[in-house]
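The values are calculated or read from the model by the stated rules, or taken from the named source; none is laboratory data. This is a predicted model, so every value here is computed, not measured. Backbone-built Cβ (ideal geometry, glycine too); neighbour counts: all protein chains shown.
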Amino acid sequence: MQLLSLTLDGFKSFAHKTTIKFEEGMTGIVGPNGSGKSNIIEAIRWVMGEQSARHLRGDKMADVIFNGSTDRAPLNRALVSITFDNSDHYLASNFTELTITRKLYRNGDSEYLINGQKVRLKDIVDLFIDSGLGRESFSIISQGRIEAVFNGKPADRRAIIEAVAGVAKYRKNKETAEKR
Ligand code: ATP
Ligand code: MG
């Protein structure tokens, strides 16, 4: 499984549609302060299902939509797409290439798509569960998160270890079964 590309369109500072291709050998993104490096990482978290506006440095989810600059009016919609090569079927899908898209409109309407087909958030979460990716994974460590791990309550640290060990799926299935 390999990250192939990321498209941002109306997401945070990316008013213009921008596609980043992650070609072999690419190891970093550099740029001046405020140029949008963290916004790119947040776009990755967001498209994989992040539900906390706070984790994306916002107060409400609509804060991810481009809110205007001196020479451009605010936009009405944010869109992010991420494409993976899944020819090894590392992600739980029969597709050999997977494009996941998330859209959010100012009126609160939102959409998730897998290869152009409308899906539920649950389908996105299930796709990434136990893959080491996804909204609560530790493949993306934002500033301040390491401290939170060290200073966290034992129960929170246990949740992290469970996520890393890949048992989150079984806990979730158990909880669903118990609710029935
Ligand atoms: P640093 O090197 O300081 O970490 P960075 O490259 O990570 O900087 P970001 O934090 O990704 O920069 O980008 C911050 C910029 O994004 C700010 O100029 C901020 O105004 C802009 N920004 C954030 N949200 C929006 C939005 N909804 N609409 C327009 N611009 C936004
Ligand atoms: Mg930054």
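Contact map, the stretch 25-40: residues that are part of a loop (DSSP other than H, G, I, E, B) paired with residues that are near ligand 2 (Cβ under 8 Å from one of its atoms) and of a type in the set (K, R), Cβ distance under 8 Å, separation 6+ or inter-chain. Pairs shown: I29/K37; V30/K37; G31/K37. Just to check your reading of the model, which residue among L4, L75, L8 is within 16 Å of ligand 2 (Cβ to nearest atom) and either farther than 19 Å from F138 by Cβ or surrounded by 12 or more Cβ atoms within 10 Å (Cβ to Cβ) (or both)? It is L8. Considered as a group, the residues in the stretch 16-43 that are within 12 Å of ligand 1 (Cβ to nearest atom) and within 26 Å of D126 (Cβ to Cβ) include one that is surrounded by the fewest Cβ atoms within 10 Å (Cβ to Cβ), and that residue is I41. Taking the stretch 7-35 as the range and being farther than 25 Å from D85 by Cα and either charged (D, E, K, R) or under 17 Å from the mean Cα position of the chain (by Cα) (or both) as the test, the residues that pass are K12, S13. With respect to F84, is the statement that it is within 13 Å of ligand 1 (Cβ to nearest atom) and under 25 Å from V119 (Cα atoms) true? The answer is no for F84. Can K179 be described as closer than 19 Å to A92 by Cβ and either more than 17 Å from the chain's Cα centre (by Cα) or of a type in the set (D, E, K, R) (or both)? Answer is no for this residue. Answer yes or no as to whether F128 is away from ligand 2 (no atom under 16 Å from the Cβ), closer than 30 Å to V167 by Cβ and modelled with pLDDT under 95. Here the answer is yes, as F128 does meet what is asked. One residue stands out among those in the stretch 115-147 that are charged (D, E, K, R) and under 11 Å from the mean Cα position of the chain (by Cα): the one that is nearest to K103 (Cα to Cα), which is R135.
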